[in-house]
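First the structure, in the form of structure tokens, and then the observations on it.
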Amino acid sequence: MSRINPVPSIEEAITAATGRPFKPTSSRRIGGGDINEAICLEGDGQRVFVKRNLADRLPMFAAEVDGLNALGDTGCIRVPRAIAHGVDTDGAWLALEFIEMRGSPSAAGARFGEQLAALHAIPGAHFGWPRDNFIGTTPQPNLLADEWISFLREQRLGFQLRLAANNGAPHTLIHRGEQLLEVLPQFFTTYHPFPSLLHGDLWGGNWGVDETGMPVLFDPAVYRGDREADIAMSELFGGFGADFYAAYRAALPLDPGYGTRRTLYNLYHLLNHFNLFGGGYASQALHGIDSLLAELR
Ligand code: ADP
């Protein structure tokens, strides 16, 4: 007679991972996320940050663990330590070290700029990443590549354009987007990026400041790419403040062509936002494409 092994509970999995019995006595919801339910579990002097979603979202959590480990391994910026992830009867879950996010991120802007520059300065061997992951809930293909322009064309902009076409984007957007893909090399005539480890989803909702005032980076969509892509995204929804950019540029100056490529790189996120949320993101993306094409005339 065979017996089916019961699925370990979150508590059992955390106990096995940490080697310390974990019996939470309280649970409180944490706001601020836009995809998952976030909870702080507390008991026996331990606090654990848990994200939950439907069982089929487990690959998202596995990719998040991979990304956090990659960023954490560099030692450049604090990221939450991944403890365990799995599926139980309530769905998929991810358990991370709980970090109290206190204080104002703007006061830590300069330090964060220096730390991000240190992360970006480490040269990698290839563009891409050994596994695919997600940008929001959209799959993000990462096939390793020796050449940045073809990676950007096929695995970033082309991938999102195809999704947008399937999601009913206006024909003009797809057509002009395809025109842009054909002329991509013209944005790189004197600029040749090297592969930096990127956070990949670097907006203001994905970093905070711990109790000691140190920046904390979370919720990544890592790959190796042009570091300008991280900086561009940081500017898409309001920016990280003058101290951040001054410190970053002092440590790692930006090429004069960055201002144009910022539009190019943010096109990826605008297309992704169209694919996730629809609405006005299509016209923002088209506006970006038109301004890029106009620069080449
Ligand atoms: P989502 O995947 O749903 O976008 P986030 O990873 O952005 O969720 O986390 C949601 C919120 O929880 C964040 O805005 C942040 O304030 C807080 N948070 C994230 N990671 C931790 C952590 N390890 N410890 C404590 N709070 C965290």
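The values are calculated or read from the model by the stated rules, or taken from the named source; none is laboratory data. Keep in mind it's a predicted model, so treat the numbers as computed, not measured. As a convention, Cβ positions derive from the backbone with ideal geometry for all residues, glycine included, and neighbour counts pool all protein chains shown.
Just the residues that are exposed (fewer than 15 other Cβ atoms within 10 Å of the Cβ) and either free of Cβ contacts under 8 Å to residues at least 40 places away in the same chain or touching a Cys at 6+ places or on another chain (Cβ under 8 Å) (or both), please, taken from the range 119-129. ILE122 - this is the single residue of the range 119-129 that is exposed (fewer than 15 other Cβ atoms within 10 Å of the Cβ) and either free of Cβ contacts under 8 Å to residues at least 40 places away in the same chain or touching a Cys at 6+ places or on another chain (Cβ under 8 Å) (or both).
Of the numbered criteria (1) acidic (Asp, Glu); (2) within 14 Å of the ligand (Cβ to nearest atom); (3) at pLDDT below 95, the one ASP44 fails is (2).
The single residue among ALA55, ALA95, ALA70, ALA107 that is in contact (Cβ under 8 Å) with a residue 60 or more places away in the chain and surrounded by fewer than 17 Cβ atoms within 10 Å (Cβ to Cβ) turns out to be ALA107. Taking PRO59, is it in a loop (DSSP other than H, G, I, E, B) and not assigned by TED's automatic domain parsing to the domain that holds THR212? For PRO59, the condition - in a loop (DSSP other than H, G, I, E, B) and not assigned by TED's automatic domain parsing to the domain that holds THR212 - is not met. Screening GLY19 against (1) within 30 Å of GLY128 (Cα to Cα); (2) away from the ligand (no atom under 14 Å from the Cβ) leaves a single unmet condition, (1).
What about ALA169, is it among the aliphatic types (A, V, I, L, M), buried (at least 16 other Cβ atoms within 10 Å of the Cβ), under 28 Å from ASP56 (Cα atoms) and within 23 Å of the chain's Cα centre (by Cα)? So ALA169 does not fit the description; no. Quick one: which residue in ILE35, ILE77 is more than 10 Å from the ligand (Cβ to nearest atom) and either without any contact (Cβ under 8 Å) to a residue 40 or more places away in the chain or closer than 30 Å to LEU119 by Cα (or both)? Result: ILE77 is the single residue among ILE35, ILE77 that is more than 10 Å from the ligand (Cβ to nearest atom) and either without any contact (Cβ under 8 Å) to a residue 40 or more places away in the chain or closer than 30 Å to LEU119 by Cα (or both). Yes or no: ASP66 under 29 Å from GLY238 (Cα atoms), part of a helix (DSSP H, G or I) and under 21 Å from the mean Cα position of the chain (by Cα)? For ASP66, the condition - under 29 Å from GLY238 (Cα atoms), part of a helix (DSSP H, G or I) and under 21 Å from the mean Cα position of the chain (by Cα) - is met.
Identification of strands (runs of 3 or more DSSP E) wholly contained in the range 90-180 with 1 or more residues that are within 16 Å of the ligand (Cβ to nearest atom) and more than 20 Å from ASN206 (Cβ to Cβ) yields 91-97.
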